[in-house]
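Worksheet: one structure, shown below.
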Amino acid sequence: MIAIRTDRLILRRFRPDDAADLFAYLHRPRARCFLSSRLDTPADAEAEAGRRASDDEHVAVCLTGSGRLIGDLFCLPEPPDTFSVGWNFNATYGGAGYAHEAAAALFGHLFSERQARRLYAYVEEDNAASHRLCATLGMRLEGLFREFISFVDDDQGNPIFENTMQYAILRREWAERSARG
């Protein structure tokens, strides 16, 4: 992946030296959907940063001035022209619009450079911040999947299933939105 620059951010491929910043937000993931990505030790973070450095599915989101990793995006291709997208940011940097700025830049890249026709995202029903982000990106709510997936078990080891929303946007919808400014 080539680096994408915005006013405040650089979106780039992960590097092994991102491990400490990756550990800062993945040792205690905020959203349950990232519990399977939890990093227990700095060594785990080093291995994960190295793994992510070898693929184009995970995109490091860094501050322009310091180069500090503040979160990541993912874009999983589904041939021929669809991508599943998502985001995970360090809570320390929340509320500053970084997730929107990064996701909008990635969406533009996927539609123009990778010729995506459709992008979609799954969002847990209780993740209000991600619902707002999807809306501000122009994604439309496509559906509610009741008891769709489980990320945690109850005290007896039974899965607790969660409701999940699906949002999506088409390239033509993104282009129309971009043309309006």
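Each value in this text was obtained by applying a stated rule to the coordinates, not by laboratory testing. Just so it is clear, the model here is predicted, and its values are computed rather than measured. For neighbour counting, all protein chains shown are included, and Cβ atoms are generated from backbone atoms with ideal geometry for every residue, glycine included.
Taking just the C-alpha trace of region 54-127, give me its Rg and Dmax in Å.
Answer for region 54-127, Rg first and Dmax second: 12.8, 37 Å.
Can you check what the Kirkwood hydrodynamic radius comes to for the chain, Cα pairs only, in Å to one decimal? Walk me through the intermediate numbers first.
Numbers: mean 1/r = 0.0587 Å⁻¹.
For the chain, the Kirkwood estimate is 17.0 Å.
Starting from the Kirkwood Rh over alpha-carbon pairs, what translational D in µm² s⁻¹ does region 8-88 have by Stokes-Einstein at 20 °C and 1.002 mPa s?
Details: Rh = 13.0 Å.
For the chosen part, D equals 165 µm²/s.
Compute the relative contact order of the chain as a whole-number percentage, counting only Cα pairs closer than 8 Å that sit 6 or more residues apart in sequence.
Details: 309 pairs, mean separation 31.4, N = 181.
Relative contact order, the chain: 17 percent.
Where does region 78-181 land on Rg/Rh, using Cα atoms and the Kirkwood Rh?
1.03
May I ask for the net charge around Glu173, where only other residues with Cβ less than 15 Å from the Cβ of Glu173 are counted and Lys, Arg are +1 while Asp, Glu are -1?
Once all neighbours under 15 Å are counted, the net charge is +4.
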